[in-house]
1. Using the beta-carbon distance between Phe221 and Ile198 and R0 = 25 Å, what value does 1/(1 + (r/R0)^6) give for FRET efficiency, to the nearest 0.05?
2. Rank these by accessible area, largest first, 1.4 Å probe: Tyr178, Tyr170.
3. If you rank Lys231, Lys97 by how much accessible surface each has, with a 1.4 Å probe, what is the order from largest down?
4. Under a crude label model (7 Å from the Cα following the beta-carbon direction), how far is Glu251 from Leu187 in nanometres?
5. Give me the three principal axis extents of the range 76-188 from the C-alpha atoms, as integers in angstrom, largest value leading.
6. Where does the range 54-129 land on the Kirkwood hydrodynamic radius, alpha-carbon pairs, in angstrom?
7. Test of understanding: in a Gaussian network model of the chain with alpha carbons linked when under 10 Å, which of Ala147, Ala121, Ala256 would top the mean-square fluctuation ranking?
8. On the principal axes of its Cα set, how long, how wide and how thick is the range 349-410? Give whole Å, largest value first.
Amino acid sequence: MIRQTDRNFKFDWITIIIFLLLVGFGWLNILSASHSGETIEYLDFSKSYGKQLLFILLTFGLIVMILSIEAKFYERFASIIYLASMLSLAGLFIFGKNVNGATSWYGIGGMTFQPSEFAKAATALAVAKYLSDLQTDIKTFKGQLQAFAILVVPAILILLQNDAGSTLVYGSFIFVFYREGLPHQYLTLLISTVVMSILSLKFGGVVASIIAITLILTYHFTRKKKPVLIKSLLAILACTILSFGVQFFYENVLKAHQKDRISLWLRLEKDPDKIAEMRRDILYNLYESEKAIRSGGLSGRGFLEGTRTTGKFVPEQHTDYIFSTVGEEWGFMGTVTVVILFVLLLLRVLHLAELQKSQFSRVYGYSVASIIFFHFLINIGMVMGLIPTIGIPLPFFSYGGSSLWGFTILLFIFIKLDSNRINEW
């Protein structure tokens with residue numbers, strides 16, 4: 001048996017360097033976003049930048065601990081880690097602390113701890129463990145049902161805590177399942193559902209149903225090998241039910257502020273006075289964020305020189321809207337640099353995932369890439385007004401110890417698994 005000390009490990013420094021660049025640049029922008037012109041004291045823990053610096057310093061100890069643990073530990077105890085994480089989510093209903101309407105934190109002294117940030121890594125491990133099991137076949141209905149059940153548990157627990165943003169993250173695992181053999185019909189179904197929902201809200205259930213029926217019948221009669229008629233009829237029925245079901249859900253289930261966000265995004269409201277009111281109440285963050293980004297121009301106003309950032313015009317500018325600070329102070333060049341860093345990180349993780357010899361490591365790598373990509377896409381899309389406002393942090397960038405540590409654990413477990421690649425047979 002090979003002892004741990006006799007093994008060779010080679011950490012991927014490209015990924016580590018990109019991580020350090022994102023964390024470092026993120027801290028500079030947190031400093032700008034929480035600075036109001038006073039003398040900067042880096043270890044002032046009453047300020048967000050002081051707390052975040054402490055979180056970053058503690059992160060290095062966390063990284064050492066993750067990389068010191070034997071790689072096989074994460075596969076061997078994936079199920080236990082997942083179970084412990086689910087218990088921590090369930091415990092919030094008894095011991096949780098309500099912050100901004102969401103019961104998603106444990107209060108520990110003067111600090112808060114958000115278990116949903118760590119549940120992502122735990123779920124990724126559980127998914128990798130399940131899909132790499134020799135008895136698992138994702139192409140069968142049983143395999144698909146059990147795989148989706150792993151995602152449904154944390155998603156429901158987080159949704160019940162009134163944290164819809166974190167709940168949506170679990171939809172990113174569809175890409176992992178697709179890579180491992182999930183039939184393409186699921187991806188088609190997902191895209192079709194989104195498109196039909198938008199059409200139903202924008203044009204009404206009748207128009208959306210007519211469009212769907214036309215497309216399905218065209219597909220049925222133009223294919224050389226015609227699909228079974230009953231399947232086409234079931235598809236038409238499903239689209240019709242979905243069209244009117246989405247409208248019912250929008251009108252009778254969603255809360256007022258949720259409907260307003262969707263209404264503004266899809267431009268459903270026609271009354272100018274109502275639109276103006278909704279913009280003041282709902283889209284204040286977005287409009288201030290867009291102004292800050294536009295004011296940065298090509299090269300930005302300069303570090304600590306952003307007037308809208310220093311004036312705190314953008315609420316939550318050090319957390320969910322941190323990208324607006326980048327746009328104002330570092331300009332177009334700064335925002336492009338951040339995007340490039342994230343793209344390089346994602347491409348690197350996907351590249352390393354494909355090099356893995358074990359299915360467990362490959363699936364986990366794809367899970368890491370999918371989760372980070374989803375956060376990156378949603379956060380930047382939200383800040384730029386491309387999608388409705390959803391409270392979700394920018395990985396390694398936004399303020400918060402739970403967020404930083406959660407993503408660090410997620411990424412560095414994969415770096416550890418990848419370092420063990422040369423020892424896998």
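1. 0.45
2. Final ranking, largest accessible area leading: Tyr178, Tyr170.
3. Descending accessible area places them as Lys231, Lys97.
4. With each label point 7 Å from Cα toward Cβ, the separation is 3.6 nm.
5. Result, largest extent first: 47, 33, 18 Å.
6. Details: mean 1/r = 0.0720 Å⁻¹.
In the range 54-129 this quantity evaluates to 13.9 Å.
7. Among Ala147, Ala121, Ala256, the largest mean-square fluctuation in the Gaussian network model of the chain belongs to Ala256.
8. Largest first, the range 349-410 extends 41, 26, 13 Å along its Cα principal axes.
The values are calculated or read from the model by the stated rules, or taken from the named source; none is laboratory data. This structure is a prediction, so every number in the text was calculated from the model and none was measured. Heads up, the Cβs are rebuilt from the backbone with ideal geometry, glycines too, and the neighbour counts pull from every protein chain shown. Remember, those area values only see protein heavy atoms, side chains included, never the ligands or the DNA or RNA. Shrake-Rupley method; radii C 1.70, N 1.55, O 1.52, S 1.80 Å.
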